[in-house]
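Encoded as structure tokens, the structure appears first; notes follow it.
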Amino acid sequence: MSDVFTPELDREVDELLSAHASSGTRLQRICNLLADRVPHYDWFGFYITVPGRRELALGPFSGEPTEHVRIPFGRGICGQAAEREETFVVQDVGAADNYLSCSIHVKSEIVVPVFGKGTVIGEIDIDSHVKEPFTEADTLFLESLAERVSPLVSDIMPPEEE
Ligand code: SME
């Protein structure tokens, strides 16, 4: 499946990232593009760290609505990736014990932290409807994307809560 991550796709991502639109709009367009163009990306979204709290809030996404709009660090695949500050690849969610289900169709998931000033300021989260779809090509593409979206994620962070 690595043949989807072409230089052409990279160029399209760069164009969207540098477009004259708000940071939220640009992130939403990234979600739409990648959910559309990568066959095994059935749900593509961003979670944003709530400043001052060890909690993630749902940000822009493309796919079915999810009930998981707030996720504490440590809970589910998203929360574990935030706590450990590393990419989490789950090739079969049926075999994962700390997992928050969004839909019965989801079979696998990859979560990549977005860093800003050395801390996790958000995450890229992808659900797939097939088992074992992710390769090293996904990790490389998404970790590079995480670096490139970091200023936009930082921009849409909500104000610190009491
Ligand atoms: N499955 C995630 C929850 C978020 S949804 O995939 C959109 C998890 O276990 O953290």
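The values are calculated or read from the model by the stated rules, or taken from the named source; none is laboratory data. Note that the coordinates shown come from a computational prediction; the quantities given were computed from them, not determined experimentally. All Cβ positions, even for glycine, are placed from backbone atoms using ideal geometry, and neighbour counts span all protein chains on display. Note: areas computed on protein heavy atoms with side chains; ligands, DNA, RNA excluded. Shrake-Rupley method; radii C 1.70, N 1.55, O 1.52, S 1.80 Å.
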Study note, to complete from the structure: Exception for H68 within (1) more than 21 Å from P39 (Cα to Cα); (2) out of contact with any Cys (no Cβ under 8 Å at 6 or more places or on another chain); (3) open to solvent by 20 Å² or more (accessible area, probe 1.4 Å) falls at (2)
Review point. Can you find even one residue in the range 106-114 that is surrounded by fewer than 17 Cβ atoms within 10 Å (Cβ to Cβ) and not β-branched (V, I, T)?
Key: no
Exercise for review: Take the range 71-89 and flag every residue that is under 14 Å from the mean Cα position of the chain (by Cα) and open to solvent by 20 Å² or more (accessible area, probe 1.4 Å).
Suggested key: Q80, E85, E86, T87, F88, V89
Exercise for review: Return the pairs, sorted by first residue and then second, in which the second residue is near the ligand (Cβ under 7 Å from one of its atoms) and part of a loop (DSSP other than H, G, I, E, B), the first residue lies in the range 91-105 and is hydrophobic (A, V, I, L, M, F, W, C) and open to solvent by 50 Å² or more (accessible area, probe 1.4 Å), the beta carbons are less than 6 Å apart, and the residues are 6+ apart or on different chains.
Suggested key: C102/T66
Exercise for review: Identify the single condition in (1) near the ligand (Cβ under 10 Å from one of its atoms); (2) modelled with pLDDT under 95 that I104 does not satisfy, given that it satisfies every other one.
Suggested key: (1)
Exercise for review: Answer yes or no as to whether E147 is open to solvent by 40 Å² or more (accessible area, probe 1.4 Å) and more than 20 Å from C31 (Cα to Cα).
Suggested key: no
Check your understanding: Which residue pairs have Cβ atoms closer than 6 Å, lie 6 or more positions apart in sequence or on different chains, and pair a first residue in the range 109-128 that is within 17 Å of V89 (Cβ to Cβ) and among the hydroxyl-bearing types (S, T, Y) with a second residue that is open to solvent by less than 10 Å² (accessible area, probe 1.4 Å) and in a strand (DSSP E or B)?
Key -> S128/S108
Review point. Of all helices (runs of 4 or more DSSP H) completely enclosed by the range 3-94, which ones contain at least 1 residues that are polar (S, T, N, Q) and within 12 Å of the ligand (Cβ to nearest atom)?
Key: 76-84
Practice item. State all residues of the range 1-38 that are within 16 Å of the chain's Cα centre (by Cα) and open to solvent by 50 Å² or more (accessible area, probe 1.4 Å); if no residue qualifies, say none. Key: T25, Q28, R29, N32, D36, R37
**Study point:** For V69: the one exception among (1) more than 19 Å from S150 (Cα to Cα); (2) touching a helix residue (DSSP H, G or I) at 6+ places or on another chain (Cβ under 6 Å)
**Key:** (2)
**Study point:** Residues located in the range 122-148, provided they are within 15 Å of the ligand (Cβ to nearest atom) and under 27 Å from G52 (Cα atoms)
**Key:** G122, E123, I124, D125, I126, L142
